[in-house]
Amino acid sequence: MSQLFVRTLREDPADAEVASHRLLVRAGYIRRAAPGIYTWLPLGLRVLAKVEAVVREEMIAAGAQEVHFPALLPREPYEATGRWAEYGPNLFRLKDRKDADYLLAPTHEEMFTLLVKDLYSSYKDLPLTLFQIQTKYRDEARPRAGLIRGREFVMKDAYSFDIDDEGLEASYQAQRAAYERIFTRLGLEYVIVAATAGAMGGSRSEEFLSPSPIGEDTFVRSAGGYAANVEAVVTPVPDAIPFDDAPAAHVEDTPGTPTIESLVAFANANHPRTDGREWTAADTLKNVVLSLTHPDGSKELVVVGLPGDREVDMKRLEASLAPAEAEPAGEDEFKKHPELVKGYIGPQAVGRANTGDEEGVRYLLDPRVVPGTRWITGANAVDKHVFDLVAGRDFVGDGTIEAAEVRAGDPAPDGSGPLELARGIEIGHIFQLGRKYAESLGLKVLDVNGKQVTVTMGSYGVGVTRVLAALAEANHDDSGLTWPAHVAPAHVHVVATGKDAAVFAAAEKVATELSARGVEVLYDDRPKVSPGVKFADAELLGVPLIVVVGRGLADGVIEVRERTSTERVQVAVDDVVAHVEELVRAF
Ligand code: ATP
Ligand code: MG
């Protein structure tokens, strides 16, 4: 410790909201270089190397071969697949001195596809899975939580190449199983959930989430085994309802009802239902105006119609409209569309199908708004609402959209029971890309019959630096980090306390002998640092075993304890090395 390049901090960094960020900075593992960009210090690098080693071993065991691509790449391949534009502002773009366009890779599908195209030409060369552990760049809109959402981060990305769908399924399952082993070995709890493909494209995909209250992903689970990211939840569509006998729609004056709550109260007071139950927010159709920004920078307004008891979930909305980004429409946009009467928007004035205006604002409906459902909704005039407006009779949508929030208790799409919600950190993501990249980049091989066929691909990512942060989230207490033994920067933290030269000599001997037996030791040999500071640092750094050589030495004992336990064991000086070695072997 007297030589180690580390300065621990007693104060939390001002910008740190989550434990992993706070503690990794305070314990001297990382330092911030710029928003979302971090420098790795010796202790941090040791942990990172251990996480990488587990990932690498399991990739190799699964039959994948390691390569390494540059991070700095030319524009053309990304142009060919459309991602130069699709990635939008998330892509770091730059120019060389000749004014040619380059990018810092956010992920490498294009390059792997082209490499295989370069070198392989026959079905006999397949299947093939390649991987790299490499630095990625994404100009995230909201870098946050230290390593959890960085703008520069380390990813393991693997890509599989197969001749047919059956091969892809096998390659996908091999990677999926490798991921299970990786996270199990790292001691990181995970849930596998169905996911959406996002900007990656392709068909089937699953995410590995580490359950955590600070996670940005919300996922759902049912008792019957359904698990999905909320973005991937598909709303079960109710049966259509016959509406031949439904009363005609009628517009009513509803003064002072700009909110759904006020509208429901007004309706119950002035237009009570005849079937004995009260109106609720679920009987109203809410029409939310959203402003989309497409990757080319162009803007579009859309209106989403959904039951009034549900909010729009912006992440679900964006997953449905990817690669466009969405935000609630602003005053300016309302001004440009006088037909949209804020607070009183009704479907009859919006949507291409309803208005006959092919250039008009698109109107997208929640899947629950099936034909025959009857709604109270805006009448497109201030203080007026329409009652008994029937979907399929009085209005239609220009399509449906998964944008409404998913709530606890909603039915699982596969009928496996009610859903419960939890939060998680996305630590891995596996995709069956299919032929999207191979097609746009022309990756074909000859099949058994000498015919050219397009290769089918999978892509598989682990957020290596994010995994390290997730481990810190899952393993800490009020005093500091509590690393699982396999990723800790050392196995044992030996602390010499006091000023007595004999103490330092004994501590040094223990440290040296443990090292000689292959135990990784961090030895706090700082001569003029108080025991209190040394103990606090040992707790903060989070090495799993702490050995204290101090006062007990006079009585021939050394204290051994686990970082996560308050139990202190006094071990005879001569036995301490063997005792500690045994504990380490048992990790
Ligand atoms: P997110 O939804 O969190 O933005 P993503 O779905 O865009 O992630 P992928 O393209 O699936 O990410 O990348 C593979 C893995 O890389 C993710 O599962 C995650 O663990 C990691 N990762 C992605 N973005 C970041 C980031 N900004 N910082 C750290 N790790 C990241
Ligand atoms: Mg992902």
| request: Report, by residue number, each residue of the range 51-62 that is more than 14 Å from Asp157 (Cβ to Cβ) and either open to solvent by 50 Å² or more (accessible area, probe 1.4 Å) or not assigned by TED's automatic domain parsing to the domain that holds Ile182 (or both). | output: Glu57, Ile60, Ala61
| Hey, any hits in the range 208-223 for a residue that's assigned to a loop (DSSP other than H, G, I, E, B), within 15 Å of ligand 2 (Cβ to nearest atom) and more than 30 Å from Pro13 (Cα to Cα)? | no
| request: Return the pairs, sorted by first residue and then second, in which the second residue is β-branched (Val, Ile, Thr) and open to solvent by 50 Å² or more (accessible area, probe 1.4 Å), the first residue lies in the range 38-67 and is touching a residue at least 60 places away in the same chain (Cβ under 8 Å), the beta carbons are less than 9 Å apart, and the residues are 6+ apart or on different chains. | output: Glu66/Ile60
| request: Restricting attention to the range 523-575, report how many residues are closer than 17 Å to Asn475 by Cβ and touching a helix residue (DSSP H, G or I) at 6+ places or on another chain (Cβ under 9 Å). | output: 8
| message | Being under 21 Å from Val6 (Cβ atoms), basic (Lys, Arg) and open to solvent by 10 Å² or more (accessible area, probe 1.4 Å) narrows it down to one residue among Arg526, Arg517; which is it? | response | Arg526
| message | Condition check: buried (at least 18 other Cβ atoms within 10 Å of the Cβ) and under 29 Å from Ala53 (Cα atoms). Does Tyr226 satisfy that? | response | no
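Go through Ala485, Ala469 for me and flag whichever is within 27 Å of Val193 (Cβ to Cβ) and outside any strand (DSSP E or B). Steps first, please.
Values: Ala485 fails: within 27 Å of Val193 (Cβ to Cβ).
After ruling out the rest, the residue left standing is Ala469.
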| Residues that are of a type in the set (Val, Ile, Thr) and modelled with pLDDT of 95 or more, drawn from the range 55-93 | Val55, Ile60, Val67
| query | Does Glu231 satisfy being modelled with pLDDT of 90 or more, of a type in the set (Asp, Glu) and more than 16 Å from ligand 2 (Cβ to nearest atom)? | reply | no
| Test: residue in the range 454-462 that is open to solvent by 20 Å² or more (accessible area, probe 1.4 Å) and more than 16 Å from ligand 1 (Cβ to nearest atom) | yes
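Which of the strands (runs of 3 or more DSSP E) contained wholly in the range 539-587 include at least 1 residues that are in contact with a Lys or Arg (Cβ under 6 Å, 6 or more places away or on another chain) and of a type in the set (A, V, I, L, M, F, W, C)?
Filter on the range 539-587 gives 545-549.
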| Does Leu73 fit the bill of being more than 16 Å from ligand 2 (Cβ to nearest atom), farther than 25 Å from Leu446 by Cα, open to solvent by less than 10 Å² (accessible area, probe 1.4 Å) and without any contact (Cβ under 8 Å) to a residue 60 or more places away in the chain? | yes
| field | Phe208, sole failed condition from (1) within 16 Å of ligand 1 (Cβ to nearest atom); (2) open to solvent by 40 Å² or more (accessible area, probe 1.4 Å); (3) closer than 28 Å to Arg435 by Cβ | value | (2)
| field | Qualifying residues in the range 136-158 (those that are within 6 Å of ligand 1 (Cβ to nearest atom) and in a strand (DSSP E or B)) - the one farthest from Ile37 (Cα to Cα) | value | Met155
| message | I'd like the full set of residues that are within 12 Å of ligand 1 (Cβ to nearest atom) and either among the aliphatic types (A, V, I, L, M) or in contact with a Cys (Cβ under 6 Å, 6 or more places away or on another chain) (or both), limited to the range 419-432. | response | Ile425, Ile427, Ile430
| Which number in (1) in contact (Cβ under 8 Å) with a residue 12 or more places away in the chain; (2) of a type in the set (S, T, N, Q); (3) surrounded by fewer than 18 Cβ atoms within 10 Å (Cβ to Cβ) marks the one condition that Gln173 misses? | (1)
| Out of curiosity, is Val390 in the same structural domain as Leu317 (by TED's automatic domain parsing), more than 25 Å from Ser291 (Cα to Cα) and surrounded by fewer than 20 Cβ atoms within 10 Å (Cβ to Cβ)? | yes
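Mind counting the residues in the range 253-266 that are over 39 Å from the mean Cα position of the chain (by Cα) and either open to solvent by 70 Å² or more (accessible area, probe 1.4 Å) or not assigned by TED's automatic domain parsing to the domain that holds Asp309 (or both)? Write out each step before concluding.
Restricting attention to the range 253-266, the residues satisfying the condition of being over 39 Å from the mean Cα position of the chain (by Cα) are 253-257, 265-266.
Narrowing the set further to residues that are either open to solvent by 70 Å² or more (accessible area, probe 1.4 Å) or not assigned by TED's automatic domain parsing to the domain that holds Asp309 (or both) leaves 253, 255.
Residues that pass the stated criteria total 2.
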| said: Can you pull out every residue in the range 487-501 that is open to solvent by 50 Å² or more (accessible area, probe 1.4 Å) and among the small types (Gly, Ala, Ser)? | reply: Ala501
| said: Looking only at residues that are open to solvent by 30 Å² or more (accessible area, probe 1.4 Å) and in contact with a Phe, Trp or Tyr (Cβ under 7 Å, 6 or more places away or on another chain) in the range 332-351, which one is farthest from Lys299 (Cα to Cα)? | reply: Gln348
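Where in the range 404-463 are there strands (runs of 3 or more DSSP E), lying wholly inside it, with at least 2 residues that are under 30 Å from Leu114 (Cβ atoms) and in contact (Cβ under 8 Å) with a residue 60 or more places away in the chain? If you could, list the steps in order and put the result at the bottom.
Values: elements: 419-434, 444-446, 452-454, 456-463.
Fully inside the range 404-463 and qualifying: 419-434, 444-446, 456-463.
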| query | Does the range 224-233 contain at least one residue that is more than 12 Å from ligand 1 (Cβ to nearest atom) and among the aromatic types (Phe, Trp, Tyr)? | reply | yes
| When both residues are 6+ apart or on different chains and their Cβ atoms are under 8 Å apart, which pairs have a first residue that lies in the range 122-144 and is under 22 Å from Tyr179 (Cβ atoms), and a second that is open to solvent by 20 Å² or more (accessible area, probe 1.4 Å) and part of a helix (DSSP H, G or I)? | Pro127/Ala170; Thr129/Ala174; Leu130/Leu115; Ile133/Glu52; Ile133/Arg56; Arg138/Asn90
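The values are calculated or read from the model by the stated rules, or taken from the named source; none is laboratory data. Note that the coordinates shown come from a computational prediction; the quantities given were computed from them, not determined experimentally. All Cβ positions, glycine included, derive from the backbone under ideal geometry; neighbour counts span all protein chains shown. The protein model used for the area step is the full one, side chains on, heavy atoms only, and it has no ligands, DNA or RNA in it. Shrake-Rupley method; radii C 1.70, N 1.55, O 1.52, S 1.80 Å.
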